[in-house]
Amino acid sequence: SAVFTLCSLRRQLLWPLIPQRGYRGDSPTDSGKDVLEIPLPPWQEHPDEPLDTKRARLLYESRKRGMLENCILLSLFAKENLARMSEEQLNRYDRLINEPSNDWDIYYWATEAKPTPAEFDTDVMAMLREFAKNRNREQRLRQPDLEYLFEAPR
């Protein structure tokens, strides 16, 4: 018992002197001063962009998201849908994937984990939500290879 008390006392005295490592979590005393906010430039529509260029840009932007879940979801969705989307639908898809500043929002809306805000709740969002349900139970573990770009349209 005396040894336990001595060890406990030593731990209490030395604990503040030992550098702490690991995840702090969301402690209520967290000031947030160590968080770096990098402002994103506002989304801009590309009204004079040729459709082939727009499709190529959206394909690229669907593949390069910064989070694997959206890279897979959006690249597969783009492969299946971009070629047959109208210009208006391409514009709505462009806004959907580029205006929100947080990719997790797009993922949560597509998987219906969170409600989609009215300004993004369009026919394209409905298409993406339906695609995310994966009713055919396809294996979606990686982005599609780009060879399909060189195949004749179906």
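Structure above, values below:
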| quantity | calculated |
| --- | --- |
| Residue under evaluation ARG135, criteria (1) part of a helix (DSSP H, G or I); (2) modelled with pLDDT under 95; (3) more than 24 Å from PRO39 (Cα to Cα), criterion not met | (1) |
| Residue selected from the range 115-145 under the condition among the basic types (Lys, Arg) and under 15 Å from LEU74 (Cα atoms), by the criterion most open to solvent (accessible area, probe 1.4 Å) | ARG142 |
| Elements of type helices (runs of 4 or more DSSP H) in the range 45-125, at least 1 residues being over 21 Å from PRO144 (Cβ atoms) and out of contact with any helix residue (DSSP H, G or I) (no Cβ under 8 Å at 6 or more places or on another chain) | 87-98, 103-110 |
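The values are calculated or read from the model by the stated rules, or taken from the named source; none is laboratory data. This is a predicted model, so every value here is computed, not measured. Here the Cβ is made from the backbone with ideal geometry for all residues, glycine too, and neighbour counts use every protein chain on show. The accessibility values were calculated without ligands, DNA or RNA, using every heavy atom of the protein model including side chains. Shrake-Rupley method; radii C 1.70, N 1.55, O 1.52, S 1.80 Å.
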